[in-house]
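Structure record follows, encoded as structure tokens.
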Amino acid sequence: MKKEVKIPDIAENVDKATIARILVSKGDKVSKDQPLVEAETDKATTDIPSEYEGTVVEIKISEGEEVGVNQVIMVIETEGEGEKGGEEKKSSSSKASGKDKEESTEAEDTGEESDDEKEDGEKAEEDEDDDDQETREDERKKKKSKSGGGSDIPAAPSVRRLAREKGIDLSAIEGSGPGGRITKEDVEQAKEGTGGKKEKSKTGGTQLPDFSKWGSVSHESMSNIRKATARNLGEAWNTVPHVTQFDEADLTHMEEFRNRMQPKVEKAGGKLTVTAILLKIAAFALQRYPKFNASIDMENQEVIYKHFFNVGIAVDTPMGLLVPVVREVDKKSLTELSIELTELAKKARDKKLTNEDMQGGNFTISNLGGIGGTAFTPIVYAPQVAILGVSRAKYKQEYMDDEFQKRLMIPLSLSYDHRLIDGADGARFLRWICDVIEDPYAILQ
Ligand code: CAO
């Protein structure tokens with residue numbers, strides 16, 4: 001009996017994923033729960049397991065393809081399944097049939113390119129970012145709900161093709177057809193600059209020049225992680241009034257402590273790094289200065305204080321920046337934190353983080369010191385209100401006890417949301433962290 005494998009509900013608010021890797025081939029025997037494909041969402045890579053035991057008879061997707069929830073990706077031939085399986089198939093295929101129907105209505109127009117076009121529609125929807133975005137988005141949602149919840153911008157495939165040929169972004173065009181449908185004339189007019197928003201590029205900035213006029217260029221689609229990073233950081237930059245406070249701490253004693261403790265932590269399976277110690281210090285600082293652990297809710301004109309201490313760590317991976325969250329940092333020992341940090345960084349680099357791993361952070365630490373740099377201004381990971389940037393520690397001549405002494409100094413920067421945090425608060429918070437790095441007894445004050 002043939003069974004269809006579909007993309008399940010991957011996570012809350014995630015309805016698309018890119019097939020990063022196909023893990024089986026046609027003809028392979030697979031067992032129940034065996035991973036079939038690796039799907040990359042905005043935030044993580046996740047395995048899609050087989051619901052059935054059987055033989056793969058059809059693979060309906062290819063690597064790099066964007067897929068939606070409930071989309072059929074494979075067909076598996078099972079053996080000896082009775083009534084139950086048949087019913088399951090019937091109900092799930094009838095669920096999917098609504099979607100199939102929509103797509104086939106579109107495809108019927110030309111009988112081709114429906115997948116491409118669907119992707120274009122989704123891309124256009126995602127890339128939209130100009131002044132009229134919200135209004136148009138609302139209107140589009142209304143239209144969508146009227147037309148039964150389809151995911152595309154209303155335009156016939158031939159119109160989409162024309163727009164693609166002319167390099168016009170459909171999401172920037174107001175449709176003049178019935179129900180706001182975009183017509184060929186709308187696209188032609190946009191081309192002439194008399195309609196739509198031709199002067200805007202998909203990025204929401206001004207139209208990019210044709211770089212190939214000056215030399216050879218190549219194009220690469222953005223990965224989902226890159227898209228999410230661009231969207232989130234762009235949003236944070238646009239909504240959070242940032243201030244960055246700089247300070248410097250004498251790390252000499254802490255380094256002595258780190259070297260002394262290192263063998264013990266290594267024995268337990270971790271690595272006692274500067275980041276692990278800062279994680280613990282940050283949790284103390286957040287308890288002492290609750291505003292830095294809060295979020296600002298402008299809609300309800302409220303400040304939301306969180307009484308748990310979860311801290312995100314920026315991790316540099318080949319796929320881009322990921323920020324897994326260490327939970328309840330206040331309740332964990334330095335050894336536990338060191339082990340967890342090592343594991344999380346590995347998980348991030350092995351593309352094994354789940355959405356859950358990256359949610360619920362109240363504050364973030366970004367340590368670029370392993371790479372270098374004297375200072376940087378990190379961007380607040382909204383709706384958090386502050387982020388600690390760490391740059392490279394180095395030996396300096398410091399004037400202490402009436403003489404210059406060789407001390408290991410670490411530069412720190414704290415970016416914060418000035419809507420909630422005043423400059424003096426920022427300076428105090430960062431100075432407190434520096435005091436504790438220099439003399440941990442400061443925690444007892
Ligand atoms: N100053 C000097 N040396 C530092 C340092 C600092 N601030 N931070 C780390 N180092 C050294 C470590 O001591 C280690 O040296 P040894 O190998 O000799 O012990 C080396 O750099 C590598 O550190 P690490 O990576 O093992 O450990 P870590 O805990 O310090 O860092 C992590 C972990 C995940 C934060 C890091 O690997 C990473 O990904 N950093 C990049 C974060 C990033 O991309 N931020 C930008 C985001 S945008 O705001």
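The values are calculated or read from the model by the stated rules, or taken from the named source; none is laboratory data. Since the model is a prediction, treat every value here as computed from it, not as a measurement. Counting neighbours? That spans all protein chains shown, and the Cβs are built from the backbone with ideal geometry, glycine included.
For this structure, a couple of remarks:
- Long-range neighbours under 6 Å by Cβ, at least six apart or interchain, first residue over 29 Å from Asp47 (Cα atoms) within the stretch 353-373, second near the ligand (Cβ under 7 Å from one of its atoms) and outside any loop (DSSP other than H, G, I, E, B): Asn367/Thr275; Asn367/Val390; Gly369/Val390
- Output for the stretch 159-209, where each listed residue is part of a helix (DSSP H, G or I), under 28 Å from Met222 (Cα atoms), touching a helix residue (DSSP H, G or I) at 6+ places or on another chain (Cβ under 6 Å) and modelled with pLDDT of 60 or more: Val159, Arg160, Leu162, Ala163, Lys166, Leu170, Ser171, Val187
- Assessment of the stretch 41-51 against the conditions (closer than 28 Å to Met358 by Cα, among the polar types (S, T, N, Q) and assigned to a strand (DSSP E or B)) yields at least one matching residue.
- Given (1) surrounded by 17 or more Cβ atoms within 10 Å (Cβ to Cβ); (2) under 23 Å from the mean Cα position of the chain (by Cα); (3) within 16 Å of the ligand (Cβ to nearest atom), number of the condition Leu233 does not satisfy: (1)
- Tyr416 vs. criteria part of a strand (DSSP E or B), more than 10 Å from the ligand (Cβ to nearest atom) and buried (at least 20 other Cβ atoms within 10 Å of the Cβ): yes
- Checked against the criterion of being within 16 Å of the ligand (Cβ to nearest atom) and among the small types (Gly, Ala, Ser), the stretch 316-336 has at least one qualifying residue.
- Some residue of the stretch 263-275 being more than 25 Å from Phe429 (Cα to Cα), of a type in the set (Lys, Arg), within 14 Å of the ligand (Cβ to nearest atom) and touching a residue at least 24 places away in the same chain (Cβ under 8 Å): yes
Quick grid of which residues meet (1) within 16 Å of Leu279 (Cβ to Cβ); (2) out of contact with any Pro (no Cβ under 8 Å at 6 or more places or on another chain); (3) without any contact (Cβ under 8 Å) to a residue 24 or more places away in the chain:
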{"residue": "Val385", "(1), (2), (3)": "no, yes, no"}
{"residue": "Ser391", "(1), (2), (3)": "no, no, yes"}
{"residue": "Gln397", "(1), (2), (3)": "no, yes, yes"}
{"residue": "Arg407", "(1), (2), (3)": "no, yes, no"}
{"residue": "Ser413", "(1), (2), (3)": "no, no, no"}
{"residue": "Tyr416", "(1), (2), (3)": "no, yes, no"}
{"residue": "Tyr441", "(1), (2), (3)": "no, yes, yes"}
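- Count of residues meeting criterion [within 11 Å of the ligand (Cβ to nearest atom), under 18 Å from the mean Cα position of the chain (by Cα) and either in a loop (DSSP other than H, G, I, E, B) or at positive phi (or both)] in the stretch 375-394: 4
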